[in-house]
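Participant: The structure that follows is given in the form of structure tokens.
We did not get these values from a lab; they are worked out from the coordinates using the rules stated. In this text the structure is predicted, and so the values were computed from the model without any measurement. Positions of Cβ are backbone-derived with ideal geometry, glycine not excepted, and every protein chain shown enters the neighbour counts.
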Amino acid sequence: MNKKIIISLSVFGALLAVIIVAGLMVNKPTQQGANTAGGSDAVVDPNAAAAFYDGKVIKWVIPYSPGGGYDEYVRLIAPFMEKYTGARIDVLNLPGAGGMRGVNELYASPNNGLTVGIINGSALITSQLAGIKGADYELDKFEYIGRIIADPRVLVLSSKSNIKAFDDILNSEELIKIGATGLGGSTYVDAVVAKEAFNMNVEIIHGFDSSPVIRQSMLRGNIIGTWGSWGSAEDGVESGMEFILIQSGKERLADLADVPTVFEYIDKTDDPERTRAILTAWDALIQVGRSVAAPPGTAADKIAFLREAFNKSLHDPELLQKAEQAGRPFDYATGEDMTNITMSATKMPEEIEQLFILAIRGQL
């Protein structure tokens, strides 16, 4: 081959190699940047994340008033998140609209890794499905840190109530008044779903600011009780001022071994198959529980770091001891698991989904 041709080809090959390498170097940051959100395939640097959080302030949003179960859980866990993140935790209570005000704040917060929030998963799902006014979030876009507990739901009544068994409500010809927070809130959703499942003669009085306000109304005799989490109801039961009439779930809790579950009453309804379908969908929502999440698009290295800190916190022996003393048990699930659990809870049969939507909108 002609020597000049060989030299020309060699030069061309060298130039081509330089162009390819340069192209790879230019595109490399872009590819890494595409993986900086919470995707599992993202490249993370835990040391860099730890350095970022050291001395920073993390805002932890609670969408309910001080003193309730959500507030108590956060304030119990916060010191340990400080321990494992190196940051200071500032708690911010933002009650209103059945918890949606605080959740909207979390959703719209900067995704810089310095804002997290505790959310009521079941209420968020149902409010979003029903298109409740004020549900300005998209559930599947949150970055989940983990779950504190999948707290079973209970119907708690004032000890002054004349009703002593669930059969009393099922057979009551008199209108029973049950209290709830805002339209779309968890206490409202629970009450509507139970009413629809068992075709009960119940009036749901909604619009209370918080569970403590509902309980004040119970003491005055304006309402007989309210649906809520077992964790939030436990103190009232221990004081003797309240008692649990019935609990959600397919099996009785160890703490409530003498209290029947809603599934035990299925065969007492006119349409057991329909009742079972409603209760099964409700139970799936309950499994979402009290989750902790960050705003959409928070970088993967920060989410990974927060998940690890949350995991260490909820397994810290000192916190476990404090939680036991406070009567606040944990039912931990990872952030990855919560993403899957949340998505599964939205996949209910179309007929049942429509029932939930109509119920939440107050059209049943």
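Participant: For helix 335-345, what angle does its Cα long axis make with the longest principal axis of the chain, in degrees from 0 to 90 and rounded to 10?
Facilitator: The angle comes out near 50 degrees.
Participant: Same structure, new question: Dipole size in debye (nearest 20) for the chain around its Cα centre, Lys and Arg Cβ +1, Asp and Glu Cβ -1?
Facilitator: 1520 debye
Participant: Return one number: the angle in degrees, 0 to 90 and rounded to the nearest 10, between the long axis of the Cα atoms of helix 211-220 and the longest principal axis of the Cα atoms of the chain.
Facilitator: Roughly 0 degrees, rounded to the nearest 10.
Participant: Angle check, please: helix 230-239 long axis (alpha carbons) against the longest principal axis of the chain (alpha carbons), in degrees 0 to 90, nearest 10.
Facilitator: 40 degrees
Participant: Counting Lys and Arg as +1 and Asp and Glu as -1, what is the net charge of the other residues whose Cβ lies under 14 Å from the Cβ of Glu173?
Facilitator: -4
Participant: Mind checking the log10 I(q)/I(0) for the stretch 217-279 at q = 0.17 Å⁻¹? Debye, one equal scatterer per Cα, no solvent, two decimals.
Facilitator: -0.70
Participant: Out of residues 5 or more away from Val202 or on other chains, whose amide H comes under 5 Å of its own, with H placed 1.01 Å from N in the peptide plane?
Facilitator: Hits under the 5 Å cutoff: Ile176.
Participant: Let me ask something else. Suppose we keep just the alpha-carbon trace of the stretch 127-213; what are its Rg and Dmax in angstrom?
Facilitator: Rg and Dmax of the stretch 127-213, Cα atoms, are 15.5, 47 Å.
Participant: What are the semi-axes of the equivalent ellipsoid of the stretch 153-285, taken as the square roots of 5 times the eigenvalues of the Cα gyration tensor, listed largest first and rounded to whole Å?
Facilitator: Semi-axes, largest first: 21, 16, 15 Å.
Participant: Gly228: net charge of surrounding residues, Cβ under 11 Å, Lys/Arg +1, Asp/Glu -1, itself excluded?
Facilitator: Spelling it out: positives minus negatives among the neighbours equals -2.
Participant: Can you run phi through the Karplus equation (6.51, -1.76, 1.60; θ = phi - 60°) for the stretch 241-247 and list ³J(HN,Hα) in whole Hz, with x for Gly and Pro?
Facilitator: Karplus values, whole Hz, x for Gly and Pro: 7, 9, 8, 9, 7, 7, 10.
Participant: Let me ask you something else. I need two numbers for the stretch 168-212: Rg to one decimal and Dmax as a whole number, Cα atoms only, in Å.
Facilitator: Reported Rg and Dmax, both Å: 10.6, 30.
Participant: Can you pull the semi-axes for the chain, root of five times each eigenvalue of the Cα gyration tensor, sorted largest first, whole Å?
Facilitator: After scaling each eigenvalue by five and taking roots: 49, 24, 17 Å.
Participant: Pull up all non-local amide H partners of Thr261: gap of 5 or more, or a different chain, and H-to-H distance under 5 Å with H placed in the peptide plane.
Facilitator: Gln247
Participant: Are there trypsin sites (Lys or Arg not before Pro) in the stretch 189-257 that DSSP marks as loop and that have at most 12 other Cβ atoms within 10 Å, and which are they?
Facilitator: Counting only loop positions with at most 12 other Cβ atoms within 10 Å, the trypsin sites (Lys or Arg not before Pro) in the stretch 189-257 are Lys250.
Participant: Taking the alpha-carbon centroid of each part, what is the distance from the stretch 60-135 to the stretch 187-215 in angstrom?
Facilitator: 22 Å
Participant: Whole-Hz Karplus ³J(HN,Hα) for the stretch 269-282, in order, using 6.51 cos²θ - 1.76 cosθ + 1.60 and θ = phi - 60°, x for Gly and Pro?
Facilitator: Couplings: 8, 6, 9, x, 5, 5, 4, 4, 5, 5, 5, 5, 5, 4 Hz.
Participant: Let me ask something additional. Work from the charge dipole of the stretch 154-312 (Cβ charges, +1 for Lys and Arg, -1 for Asp and Glu, about the Cα centre) and give the residue of Ser172, Leu285, Thr269 farthest towards its positive end.
Facilitator: With unit charges placed on the Cβ atoms, the residue in question is Leu285.
Participant: Checking the table Lys164/Lys347; Lys133/Lys347; Lys83/Lys347; Lys141/Lys302; Lys160/Lys322; Lys302/Lys347 against a 27 Å threshold on Cα-Cα, which pairs fail?
Facilitator: Check vs 27 Å cut-off fails for Lys164/Lys347; Lys83/Lys347; Lys160/Lys322; Lys302/Lys347.
Participant: If you don't mind, there's one more thing I want to ask. I need the chymotrypsin sites (Phe, Trp or Tyr not before Pro) found in the stretch 208-241, filtered to DSSP loop residues with at most 12 other beta carbons within 10 Å of theirs.
Facilitator: Qualifying residues, ordered by number: none.
Participant: Follow-up. Long-range amide H contacts for Asn93: which residues qualify at under 5 Å (H placed 1.01 Å from N, peptide plane, sequence gap of 5 or more or a different chain)?
Facilitator: Result for Asn93 returns Ile62.
Participant: Shifting gears a bit: Quick one: what are the phi-derived ³J(HN,Hα) couplings along the stretch 107-112, Karplus 6.51/-1.76/1.60 with θ = phi - 60°, whole Hz, x for glycine and proline?
Facilitator: Couplings: 4, 8, 6, x, 8, 9 Hz.
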